[in-house]
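Comments concern the structure below.
The values are calculated or read from the model by the stated rules, or taken from the named source; none is laboratory data. Note that the structure is a prediction, hence the values are computed from the model and not measured. Here Cβ is always computed from backbone atoms with ideal geometry, including for glycine, and neighbour counts include all displayed protein chains. Ligands, DNA and RNA are excluded from the accessible area calculation, which covers all protein heavy atoms including side chains. Shrake-Rupley method; radii C 1.70, N 1.55, O 1.52, S 1.80 Å.
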Amino acid sequence: MTRRNVNKSVVIGTIGSDAHIIGGWVLKHAYEDAGFKVAFLGAMVSHQEFINAAIEVDADAILVSSSYGMGLIDCEGMRDKCIEAGLGDIILYVGGTIAAPLELERNWPEVERRFREMGFNRAFKNTCTAKESVTTLKADLGVE
Ligand code: B12
């Protein structure tokens, strides 16, 4: 397969004390296949580790994965830390089973609203495929 370099970089990792690593791993491969440079941090990643990696690779976006139901708590303050580090404009996405399954099913608009209020550009349900997220990020970055 020929990979076309899109000249964009992303940081991917699972936030907080969350050990669920497989979703992030699937994303890593999808983004690499789409021509992105990927810094993959694995699981149990702190805000500071995301930010340090984003600075190191001059990232266009940070893709936060969260699956153990604590996403709303773990992601609090992430945008503020990005601003403090000079990354105020970086795209922040969050996805996975980011809230309790029933909340995700029945009260998704509220979950999404709370992530947006925290400064995340987009929040994705666990039904989002890696390819769909690549297509959305490309559109947000204005690349083909
Ligand atoms: C495998 C698994 C585990 C493994 C994890 C192994 C590992 N190292 O990864 C182990 C056994 C360790 C585990 C532990 C726990 N787990 Co678990 N686990 C699962 C399980 C069965 C599958 C998760 C998975 O890998 N899916 C496959 C990947 C590919 O899917 P995904 O993560 O959803 O990712 C996709 C999309 O969501 C998207 N995506 C993911 N991240 C992002 C980010 C962005 C930005 C975007 C755009 C998209 C995106 O991309 C992927 C595309 O395919 C789920 C149930 C389920 N069926 O989902 C429960 C589940 C996630 N676990 C759950 C729980 C509760 C736990 C424990 C707390 C259990 C316990 N009491 O100990 C612990 C937590 C430990 C910890 N500190 O994190 C709950 C979470 C409930 C919640 N959200 O409230 C779930 C949903 C089970 C359930 N129905 O209750 N778990």
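Which one of the conditions (1) away from the ligand (no atom under 14 Å from the Cβ); (2) modelled with pLDDT under 95; (3) among the charged types (D, E, K, R); (4) out of contact with any helix residue (DSSP H, G or I) (no Cβ under 9 Å at 6 or more places or on another chain) does E49 fail to meet, given that it meets all the rest?
(2)
Restricting attention to region 128-144, and to residues there that are within 7 Å of the ligand (Cβ to nearest atom) and over 16 Å from V11 (Cβ atoms), which single residue is most open to solvent (accessible area, probe 1.4 Å)?
Just the residues of region 128-144 that are within 7 Å of the ligand (Cβ to nearest atom), to begin with: 128-130, 133.
When the remaining residues are screened for being over 16 Å from V11 (Cβ atoms), the result is 128-129.
On the way: C128: 42, T129: 64 Å².
Only one residue fits best here, namely T129.
Quickly run through region 52-70 and pick out the residues that are within 13 Å of the chain's Cα centre (by Cα) and closer than 13 Å to T14 by Cα.
I62, L63, V64, S65, S66, S67
So that you can scan it fast, the table gives a plain yes or no per residue for (1) surrounded by fewer than 18 Cβ atoms within 10 Å (Cβ to Cβ); (2) free of Cβ contacts under 8 Å to residues at least 60 places away in the same chain; (3) in a loop (DSSP other than H, G, I, E, B); (4) over 13 Å from the mean Cα position of the chain (by Cα):
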residue: T14; (1), (2), (3), (4): no, no, no, no
residue: S17; (1), (2), (3), (4): yes, yes, yes, yes
residue: H29; (1), (2), (3), (4): yes, no, no, yes
residue: A39; (1), (2), (3), (4): no, yes, no, no
residue: G42; (1), (2), (3), (4): yes, yes, yes, no
residue: L72; (1), (2), (3), (4): no, yes, no, yes
residue: R79; (1), (2), (3), (4): no, yes, no, no
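Can you pull out the residues in region 53-98 that are among the polar types (S, T, N, Q) and in contact with a strand residue (DSSP E or B) (Cβ under 9 Å, 6 or more places away or on another chain)?
Pass one, region 53-98, residues among the polar types (S, T, N, Q): 65-67, 97.
Those that are among the polar types (S, T, N, Q) and in contact with a strand residue (DSSP E or B) (Cβ under 9 Å, 6 or more places away or on another chain): S65, S66, S67.
Give region 90-127 a look and list any residue that's out of contact with any His (no Cβ under 9 Å at 6 or more places or on another chain), within 11 Å of the ligand (Cβ to nearest atom) and part of a loop (DSSP other than H, G, I, E, B), or say none.
I98, A99, A100, F120, N121, K125, N126, T127
Mind listing just one residue for me: the one in region 44-59 that is assigned to a loop (DSSP other than H, G, I, E, B) and under 21 Å from G142 (Cα atoms) and, of those, most open to solvent (accessible area, probe 1.4 Å)? It would help to see each step written out before you state the result.
Residues of region 44-59 that are assigned to a loop (DSSP other than H, G, I, E, B), as a first pass: 44, 46, 58-59.
Checking the rest, the ones that are also under 21 Å from G142 (Cα atoms) come to 58-59.
On the way: D58: 120, A59: 15 Å².
The extreme case among them is D58.
What is the residue count in region 81-125 for residues that are open to solvent by less than 40 Å² (accessible area, probe 1.4 Å), more than 20 Å from D60 (Cβ to Cβ) and out of contact with any Ser or Thr (no Cβ under 6 Å at 6 or more places or on another chain)?
4
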